[in-house]
């Protein structure tokens, strides 16, 4: 599987979605431990992607110099996890075999927690996740001097907590049959370029995934899906990842195949994965031993839909001077986080 080499971001999520699609198209059963191992890779990749954005984007938003060297330790985490899980580090072939080194896995998870404590929170992830109300969040952001605390403090001081709040639905579960109808239709290209689900432009973001958090529920009730809610949701997600990874490590001990229940036409398979930036979909059509069609629906197309959450949020920014408007727009865009580079112009 060469897909991770084709994508500069979220290569593990891309490859996992591809494997899922091929397994379903070929009616090949996976195994629970291998699925858990790939989920571990996606979790570490998600942590790396969030940390990269925090360490590179957030200083710029505070008007501080960016020190890319702080992000250097992130590069070794994912390869170490992959090599501690799979024979020869081969995670994405249809015949992938496990060779698990639990000690290395736990060491890398502990290393991730250390990086989060030192570079982001100024305290352990467990301590930070105990923040479940506005007073506790304000106390942390006013007292701590970590990067994340300073950014949230700045947002509150500027009165930008609800910046860009707009009406938008979270992307629900998409049954494969309905998704396949969209992707096999003659106008599938139009759907991929500007997807809607049941005639609704939806968002698929860390905010959508972390809306069960007491803190996020509170912030959304007060500020909607505005800037503070989005920044806090990214922090909640990355803080939760180490514990979620430990749960996945425990699942590696479970044996047995994973059933295949492909309700799609023969030779058609769909894989869906929650990548760092949102829901990722791969679809493959096999015929006579060849790939006849391959489609990818990226989270960027949902979140940056012309009628989507970013467009709506930008349209609600207050009328202010050009420099402030540029900063507000950049913060809103980066809080949703496109998978690709972009050019922001304020006229």
For the range 194-213, enumerate the residues that are loosely packed, with under 12 Cβ neighbours inside 10 Å and either in contact (Cβ under 8 Å) with a residue 40 or more places away in the chain or touching a helix residue (DSSP H, G or I) at 6+ places or on another chain (Cβ under 7 Å) (or both). none
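Kindly indicate whether residue 285 is more than 25 Å from residue 33 (Cα to Cα), modelled with pLDDT of 95 or more, within 20 Å of the chain's Cα centre (by Cα) and surrounded by 17 or more Cβ atoms within 10 Å (Cβ to Cβ).
Working: more than 25 Å from residue 33 (Cα to Cα): yes; modelled with pLDDT of 95 or more: yes; within 20 Å of the chain's Cα centre (by Cα): no; surrounded by 17 or more Cβ atoms within 10 Å (Cβ to Cβ): yes.
No: the conditions fail for residue 285.
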In the list 64, 60, 49, which residue meets the criterion of being loosely packed, with under 13 Cβ neighbours inside 10 Å and either at pLDDT 90 or above or on the phi > 0 side of the Ramachandran plot (or both)? 64
Kindly indicate the residue of the range 85-106 that is closer than 17 Å to residue 246 by Cβ and more than 23 Å from the chain's Cα centre (by Cα) and also surrounded by the fewest Cβ atoms within 10 Å (Cβ to Cβ) among those meeting that condition. 103
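What about residue 327, is it surrounded by fewer than 20 Cβ atoms within 10 Å (Cβ to Cβ), in contact with a helix residue (DSSP H, G or I) (Cβ under 8 Å, 6 or more places away or on another chain) and either modelled with pLDDT of 90 or more or not in a helix (DSSP H, G or I) (or both)? Give the derivation first.
Details: surrounded by fewer than 20 Cβ atoms within 10 Å (Cβ to Cβ): yes; in contact with a helix residue (DSSP H, G or I) (Cβ under 8 Å, 6 or more places away or on another chain): yes; either modelled with pLDDT of 90 or more or not in a helix (DSSP H, G or I) (or both): yes.
For residue 327, the condition - surrounded by fewer than 20 Cβ atoms within 10 Å (Cβ to Cβ), in contact with a helix residue (DSSP H, G or I) (Cβ under 8 Å, 6 or more places away or on another chain) and either modelled with pLDDT of 90 or more or not in a helix (DSSP H, G or I) (or both) - is met.
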Kindly establish whether residue 297 is in contact (Cβ under 8 Å) with a residue 12 or more places away in the chain, surrounded by 15 or more Cβ atoms within 10 Å (Cβ to Cβ), touching a helix residue (DSSP H, G or I) at 6+ places or on another chain (Cβ under 8 Å) and under 21 Å from residue 191 (Cα atoms). yes
Is it fair to say residue 128 is touching a helix residue (DSSP H, G or I) at 6+ places or on another chain (Cβ under 6 Å), part of a helix (DSSP H, G or I) and either buried (at least 21 other Cβ atoms within 10 Å of the Cβ) or touching a residue at least 60 places away in the same chain (Cβ under 8 Å) (or both)? yes
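Does residue 38 satisfy being buried (at least 18 other Cβ atoms within 10 Å of the Cβ) and at pLDDT below 95?
no
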Matching option when the condition is crowded, with 18+ Cβ neighbours inside 10 Å and under 21 Å from the mean Cα position of the chain (by Cα), among 147, 163, 137: 147
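The values are calculated or read from the model by the stated rules, or taken from the named source; none is laboratory data. Source: prediction; values computed, not measured. When we count neighbours, we look across all protein chains shown, and the Cβ atoms used for this are built from the backbone with ideal geometry, even at glycine.
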